[in-house]
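Reading through the structure tokens given below for one structure.
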Amino acid sequence: MILAGGTRLKFDQEQSEGKNVFSGYGDGYVEVNRARYNASLLVSGDRLVVDWRAGSVDALGADHLAAILELKPEIVLLGSGRSFRFPEPSKLAPLHQARIGVEVMDTPAACRTYNILLGEGRGVVAALIVD
């Protein structure tokens, strides 16, 4: 798979077949299964939540985290937007209390990492801020 910027990404096609995968990203958008999204969203292998209205890591609230928890992930990749920005640790407490692993990175890195983990059969959710 080739992502925006010419980045090549290999992952296990058998594990990812029929699942939601990132097919591209750029300034102000991500692509899931070749469909473009211009707003923040949650992506798991079998679900897409396009009304996840997190505008920034500072704006994360209980309702945003509740939507993530509903997906019952093993690990959450929080994409903080075009640049890396770590949220206030207390904002992620509900995920930690539920014993869900959390990794924070910029959104392009979260897209790439998600595809790799999904290809390995992991229960991953990408919670992406698209800016």
Charge dipole (debye, nearest 20) of the chain; +1 at Cβ of Lys and Arg, -1 at Cβ of Asp and Glu: 140 debye
Using alpha-carbon coordinates, inclination of helix 107-119 to the longest axis of the chain, degrees: 70 degrees
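How much of the DSSP bridge set in segment 30-131 is antiparallel, in percent, rounded to the nearest 5? Provide the component values of the computation, followed by the final result.
On the way: 9 of 19 bridges.
Counting only bridges with both partners in segment 30-131, antiparallel ones make up about 45 percent.
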Where segment 22-131 is the region considered: accessible area per residue in Å², 1.4 Å probe: 48 Å²
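The values are calculated or read from the model by the stated rules, or taken from the named source; none is laboratory data. Being a predicted model, the structure only gives us computed values, none of them experimental. So basically every Cβ, Gly included, is an ideal-geometry build from the backbone, and we count neighbours across all protein chains shown. Note: accessible area is taken over every heavy atom of the protein model, side chains too, but ligands, DNA and RNA are not part of it. Shrake-Rupley method; radii C 1.70, N 1.55, O 1.52, S 1.80 Å.
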